[in-house]
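The values are calculated or read from the model by the stated rules, or taken from the named source; none is laboratory data. These figures come from a predicted structure and were not determined experimentally. Here Cβ is always computed from backbone atoms with ideal geometry, including for glycine, and neighbour counts include all displayed protein chains. Just the protein is used for accessible areas: all its heavy atoms, side chains included, with ligands, DNA and RNA removed. Shrake-Rupley method; radii C 1.70, N 1.55, O 1.52, S 1.80 Å.
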Amino acid sequence: MSSGPDLARGSDLGPDDLGPDDLDIVDPDSYLNGFPHGTFKRLRDTQPVSWWPEHDGGKGFWAVTRYADLLYVSQHVELFSSAQGITLEEIEGDDFDLRRNMLEYDPPEHTRYRRLVSKPFSRREVYGYEQAIRELARSVVVEARERGERFDFVDRIAKQLPMRMLGRLLGVPDSDGDWLVEKGDALLGNLDPEMTAHPVGLTDTEEFKHIPFRSPAALDLYRYAEVQAEHRRACPAHDVITKLLQPTVDGECISDLEFKNFFVLMVSAGNDTTRYTMAAGIKALAERPDQFAELRQACIDGNSDLVESAVEEVLRWGTVTMHFRRTATQDTELQGQHIRKGDKVVIWFSSADYDERQFPDPFRFDIHRTPNDHVAFNLRSPHLCLGAQLARMELKVLFEELLPRIDGVELDGPIERLRSNFICGMKRLPVRVQWNDRP
């Protein structure tokens, strides 16, 4: 096994803990020991914009690895477009139009789409969810305590809260939660044989050429979304689906296809990314008992400023969505590299969030870090994550409900990571916690 961040000892990552500096960033196996910091640090230092061929017939791409360059690409949508896709996979024509979600539009089309779906995720609306999130978090923590001190944190806690919250927001039965998560995992984990029976690059996907996301899981979610929409139109409820189907103040309505694609986006990105961020946060705290103790006391004392600061550091430290793709709309230049019209340009959030030019001592986990303008949510971009406030709320509430009820936490076995060059996540995180009697 190659060395990497998961094998690091001590409170911070030093030069010897960053892993090899010569890994293939296209190969999903390069991420099985965690994000390959050694390789991306070398790229930031020596080749901040570098060309990478693809192994599956793709035409290759430019990797943008520095913070400032990432912001430049994100903000200049007239030069770097999302409208041809945001993942490495190239899908064209009717296939792409069928599965296109909100993230795969440029302004003004993106602005219109975002306006149609943004109301349930506004800051005001999210704060209205806090009590429901807190009740769910408390029940998840109490259930975990009742089942012992040794368990898989991902399965027992990190998976449970986002899944139950998603069901509550959507207004779907709790019994559908596991099924929805399974489908979302199959979409975002489409390079991992454990997550899907049809992993891209490992099985023949020709039969799924005309299916959205080229996955039967997407078809299942489409059909589920159609049924839910029919129910809400017949019997409106106080849930996100009902709000999405209602016309705006201008009388504009979301189309059936837009709704189904947004539903798929909510089920996949809205659940998995929060789960993996929670796991990254607990792992970081388990490895740093002093910061765990300080954050625990802040939760007990009601020091929300420190808890919110810790949430931001967890988001930076564990940046889950590693990259998005853009496509150059014209010939241009970046860091001395000539980028041609039609070239794929991939902005690496996970690299930018460890850029020494932006973050002093970036390989030090610090719950007091300020400023902390991380790009885990696509900062300063028209595509700023719609669910950012909800994710922050879920993380904050989880810390406040979990940490006061445990006196300590330590890693308790090998970590298993998602096989993916797109999503940085832990499938299993064995821990041992010291529960206390706090109600």
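How many residues are open to solvent by 40 Å² or more (accessible area, probe 1.4 Å), more than 16 Å from Asn421 (Cβ to Cβ) and part of a helix (DSSP H, G or I) when one looks only at region 17-47?
4
Return only the number of the condition from (1) of a type in the set (S, T, N, Q); (2) in contact with a Leu (Cβ under 8 Å, 6 or more places away or on another chain); (3) at pLDDT 95 or above that Thr248 does not satisfy.
Single failed check for Thr248: (3).
Quick one: in region 364-389, of everything that is open to solvent by less than 20 Å² (accessible area, probe 1.4 Å), within 15 Å of the chain's Cα centre (by Cα) and of a type in the set (A, V, I, L, M), which residue is modelled with the lowest pLDDT?
Only one residue fits best here, namely Ala388.
Can you tell me which residues in region 391-405 are open to solvent by 20 Å² or more (accessible area, probe 1.4 Å) and under 17 Å from the mean Cα position of the chain (by Cα)?
Taking region 391-405 and keeping what is open to solvent by 20 Å² or more (accessible area, probe 1.4 Å), we get 392, 396, 400.
Result: Arg392, Lys396.
On the basis of being surrounded by fewer than 24 Cβ atoms within 10 Å (Cβ to Cβ) and either within 30 Å of Tyr224 (Cβ to Cβ) or in contact (Cβ under 8 Å) with a residue 12 or more places away in the chain (or both), does Thr274 make the cut?
Taking the combined requirement at face value, the residue does not satisfy it.
Based on this model, can you work out whether Ile367 counts as part of a loop (DSSP other than H, G, I, E, B) and in contact with an Asp or Glu (Cβ under 9 Å, 6 or more places away or on another chain)?
Spelling it out, Ile367 is indeed part of a loop (DSSP other than H, G, I, E, B) and in contact with an Asp or Glu (Cβ under 9 Å, 6 or more places away or on another chain).
(1) at pLDDT 95 or above; (2) of a type outside the set (A, V, I, L, M, F, W, C); (3) open to solvent by less than 50 Å² (accessible area, probe 1.4 Å): which one isn't true of Gly4, the others all being true?
Here Gly4 clears every test but (1).
For region 279-312, which positions are over 16 Å from Arg432 (Cα atoms), of a type outside the set (Gly, Ala, Ser) and touching a residue at least 12 places away in the same chain (Cβ under 8 Å)?
Passing the criteria: Asp290, Gln291, Glu294, Leu295, Arg296, Cys299, Ile300, Leu306, Val307, Glu308, Val311, Glu312.
In region 227-248, how many are in a helix (DSSP H, G or I), surrounded by fewer than 15 Cβ atoms within 10 Å (Cβ to Cβ) and in contact with a helix residue (DSSP H, G or I) (Cβ under 7 Å, 6 or more places away or on another chain)?
Going through region 227-248 one residue at a time, the tally reaches 1.
How about region 68-81: which of its residues are open to solvent by 30 Å² or more (accessible area, probe 1.4 Å) and either aliphatic (A, V, I, L, M) or under 26 Å from Gly251 (Cβ atoms) (or both)?
Within region 68-81, Ala68, Val77 qualify.
Kindly establish whether Ser82 is of a type in the set (Ser, Thr, Tyr) and at pLDDT 95 or above.
Against the criterion (of a type in the set (Ser, Thr, Tyr) and at pLDDT 95 or above), Ser82 qualifies.
Just give me the residues in region 283-308 being open to solvent by less than 30 Å² (accessible area, probe 1.4 Å) and either modelled with pLDDT under 95 or not aliphatic (A, V, I, L, M) (or both), in sequence order. Reasoning before the result, please.
We begin by selecting, within region 283-308, every residue open to solvent by less than 30 Å² (accessible area, probe 1.4 Å); these are 283-286, 288, 291-292, 295, 298-299, 306-307.
Scanning region 283-308 gives Lys283, Arg288, Gln291, Phe292, Cys299.
Just wondering, is there one or more residues in region 82-95 that are out of contact with any strand residue (DSSP E or B) (no Cβ under 8 Å at 6 or more places or on another chain), part of a helix (DSSP H, G or I) and open to solvent by less than 20 Å² (accessible area, probe 1.4 Å)?
no
Could you check how many residues of region 416-428 are open to solvent by 40 Å² or more (accessible area, probe 1.4 Å) and either in a helix (DSSP H, G or I) or touching a helix residue (DSSP H, G or I) at 6+ places or on another chain (Cβ under 8 Å) (or both)?
Residues meeting the conditions: 2.
Somewhere in region 139-155, is a residue at pLDDT 90 or above, closer than 30 Å to Leu245 by Cβ, open to solvent by less than 50 Å² (accessible area, probe 1.4 Å) and not hydrophobic (A, V, I, L, M, F, W, C)?
Yes, some residue in region 139-155 is at pLDDT 90 or above, closer than 30 Å to Leu245 by Cβ, open to solvent by less than 50 Å² (accessible area, probe 1.4 Å) and not hydrophobic (A, V, I, L, M, F, W, C).
For Ile282, work out the one condition from (1) in contact with an Asp or Glu (Cβ under 9 Å, 6 or more places away or on another chain); (2) within 28 Å of Arg419 (Cβ to Cβ) it doesn't fulfil.
(1)
Report, ordered by the first and then the second residue, all pairs with beta carbons closer than 7 Å, sequence separation of six or more or different chains, a first member in region 218-246 that is over 30 Å from Met195 (Cα atoms) and in contact (Cβ under 8 Å) with a residue 40 or more places away in the chain, and a second member that is open to solvent by 50 Å² or more (accessible area, probe 1.4 Å) and part of a helix (DSSP H, G or I).
Note: pairs meeting the criteria are Lys243/Lys119.
Search region 255-271 for residues that are of a type in the set (D, E, K, R) and pair each with any residue that is in a helix (DSSP H, G or I) and open to solvent by less than 30 Å² (accessible area, probe 1.4 Å) when their beta-carbon atoms are under 6 Å apart and the residues are at least 6 apart or on different chains.
Lys260/Tyr222; Lys260/Ala225
Exactly one of these conditions fails for Arg123: (1) touching a helix residue (DSSP H, G or I) at 6+ places or on another chain (Cβ under 8 Å); (2) over 30 Å from Glu401 (Cβ atoms). Give me its number.
In the conditions (1) touching a helix residue (DSSP H, G or I) at 6+ places or on another chain (Cβ under 8 Å); (2) over 30 Å from Glu401 (Cβ atoms), Arg123 misses (2) alone.
Would you check which residues across region 169-190 are in a helix (DSSP H, G or I), over 21 Å from Cys424 (Cα atoms) and touching a residue at least 60 places away in the same chain (Cβ under 8 Å) and list them?
Leu169, Leu170
Which one of the conditions (1) outside any helix (DSSP H, G or I); (2) touching a strand residue (DSSP E or B) at 6+ places or on another chain (Cβ under 8 Å); (3) surrounded by 16 or more Cβ atoms within 10 Å (Cβ to Cβ); (4) modelled with pLDDT under 95 does Ser50 fail to meet, given that it meets all the rest?
For Ser50, the failing item is (4).
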